[in-house]
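K.L.:
Here you go, one structure.
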Amino acid sequence: MATFVLIHGSMHGAWCWRDLIPEIERRGHVVIAPDLPCEDAEAGLDVYAAVVEEKLSAAPRGEELTLVGHSLGSRTVPVVAENHPEARMVFLCSAPTPLGPIDPAAFSGMITSAYAKADFDERADGAQRVSKESAGPLFFHDCSEATASWASDRLRWQGPKPLLEASPLTAWPDRPMHMIVARDDRVARAEWLLGEAPRWLTGALPIVLAGGHSPMLSQPALLAEALIDGTLG
C-alpha cells in the first residue's frame, strides 16, 4: 500500500481530485488531498508545504510516498519531499523548475498562447482568477460539459507569491522524479514540458497522455494507472 499526496495547481482546490481519489483508493492505496491557501496573497511555498505536512501527519500512511504536483502545485512538491527520504515526485502537466523565482520571460515560454490571452479577474493584492468563460476551454475542454461547468464554478483566487518568490530550499532533494504530460494541454505547453524532461529525469521518460490540462477529471482511471503501475516505478 502506498500513500499518494495530491497537490493541486493554480486556482484549484482539493475538489479537482474528486474523480481520481476513488480510482486510487479502489486500487488499495491511501490518498491525501490538501487544500492549499492559494487565496491568501501572502502565502508562499513554505506555507503551502506546511499545510501539506499537517495533512500528511494526521492521516494513515502507506509504506511508499508519492507526491503528485499538478501545474503550479509542482513548486510545492520538492519542499515537501525534502522532509521525506522515501518520497518520489510526480509532476503532472508540469515540469520541475529552478529554485529561484520564475522569470516572467521564462514563464511566457512555459504557457500556451491561449492561456496568455485568457481573461483574468484580478484583486488589488495581485491575486488572479481565470474567468469562467475562459476556464472551460483552457482547463476542462476534454471533460464532459457537466464536469467542466462544475469545475469552472469552483476556481479560486490564486496569490502570486509561489511564482514570484524563491523556493525555501537551497538544493533539490535527491528523490526520484517523474513527469506526466498532457499532449493537448492548453495551459502548459507540451513541447516545453517534453523539452525539459531530459534535463530533470534520469533514465526515465515522461508519460504522455492524450487530452488536456485536467486528466484527473477527464480520464481519472487512466491517470490512476499511470501513477500506480510500473511505468513510474
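The values are calculated or read from the model by the stated rules, or taken from the named source; none is laboratory data. From a predicted model like this one, the values you see are computed outputs, not experimental measurements. Neighbour counts run over all protein chains shown; Cβ positions are idealised from the backbone, glycine included.
K.L.:
Give me the pairs: first residue in the range 106-117 and at positive phi, second residue assigned to a helix (DSSP H, G or I) and at pLDDT below 95, beta-carbon distance under 6 Å, and six or more apart or on different chains, which are they?
P.N.:
The qualifying pairs do not exist here.
K.L.:
Among the residues of the range 52-79, count how many are in a helix (DSSP H, G or I), among the aliphatic types (A, V, I, L, M), closer than 17 Å to Leu169 by Cβ and in contact with a strand residue (DSSP E or B) (Cβ under 7 Å, 6 or more places away or on another chain).
P.N.:
Summing the residues that are in a helix (DSSP H, G or I), among the aliphatic types (A, V, I, L, M), closer than 17 Å to Leu169 by Cβ and in contact with a strand residue (DSSP E or B) (Cβ under 7 Å, 6 or more places away or on another chain) in the range 52-79 gives 2.
K.L.:
Out of curiosity, is Ala124 surrounded by 15 or more Cβ atoms within 10 Å (Cβ to Cβ) and either at pLDDT 95 or above or within 16 Å of the chain's Cα centre (by Cα) (or both)?
P.N.:
For Ala124, the condition - surrounded by 15 or more Cβ atoms within 10 Å (Cβ to Cβ) and either at pLDDT 95 or above or within 16 Å of the chain's Cα centre (by Cα) (or both) - is not met.
K.L.:
Further, regarding this structure: Test each condition in (1) surrounded by 14 or more Cβ atoms within 10 Å (Cβ to Cβ); (2) within 13 Å of Phe91 (Cα to Cα) for Trp192 and report the one that comes out false.
P.N.:
(2)
K.L.:
For the range 49-73, which positions are in contact (Cβ under 8 Å) with a residue 60 or more places away in the chain and within 21 Å of Leu223 (Cβ to Cβ)?
P.N.:
Residues satisfying the conditions are Gly62, Glu64, Leu65, Thr66, Leu67, Val68, Gly69, His70, Ser71, Leu72, Gly73.
K.L.:
Follow-up question, since we're still on this one. Residues that are among the hydroxyl-bearing types (Ser, Thr, Tyr), more than 15 Å from the chain's Cα centre (by Cα) and modelled with pLDDT under 95: does the range 201-213 have at least one?
P.N.:
yes
K.L.:
Ok, one more. Where the second residue is in a loop (DSSP other than H, G, I, E, B) and acidic (Asp, Glu) and the first is modelled with pLDDT of 95 or more and lies in the range 86-101, which pairs have Cβ atoms under 8 Å and are six or more apart or on separate chains?
P.N.:
Partner pairs satisfying both residue conditions: Cys93/Asp185.
K.L.:
Scan the range 214-230 for residues that are within 14 Å of Val187 (Cβ to Cβ), outside any helix (DSSP H, G or I) and either aliphatic (A, V, I, L, M) or more than 13 Å from the chain's Cα centre (by Cα) (or both) and jot them down.
P.N.:
none
K.L.:
A follow-up question, please. Enumerate the strands (runs of 3 or more DSSP E) found wholly within the range 80-170, keeping only those where 3 or more residues are aromatic (Phe, Trp, Tyr) and within 17 Å of Ala188 (Cα to Cα).
P.N.:
none
K.L.:
Then there's this: Can you tell me which condition Leu6 does not meet? The list is (1) part of a strand (DSSP E or B); (2) in contact with a Ser or Thr (Cβ under 8 Å, 6 or more places away or on another chain); (3) crowded, with 24+ Cβ neighbours inside 10 Å; (4) not aromatic (Phe, Trp, Tyr), and all the others hold.
P.N.:
Leu6 satisfies every listed condition except (2).
K.L.:
Which condition does Arg186 not pass, out of (1) over 18 Å from Arg75 (Cβ atoms); (2) more than 18 Å from the chain's Cα centre (by Cα), if it passes all the others?
P.N.:
The number of the failed condition is (2).
K.L.:
Looking at the range 175-213, which of the residues that are in a loop (DSSP other than H, G, I, E, B) and among the acidic types (Asp, Glu) is nearest to Pro85 (Cα to Cα)?
P.N.:
Asp185
K.L.:
Looking only at the range 116-145, how many residues end up being aromatic (Phe, Trp, Tyr) and out of contact with any helix residue (DSSP H, G or I) (no Cβ under 6 Å at 6 or more places or on another chain)?
P.N.:
Number of matching residues: 2.
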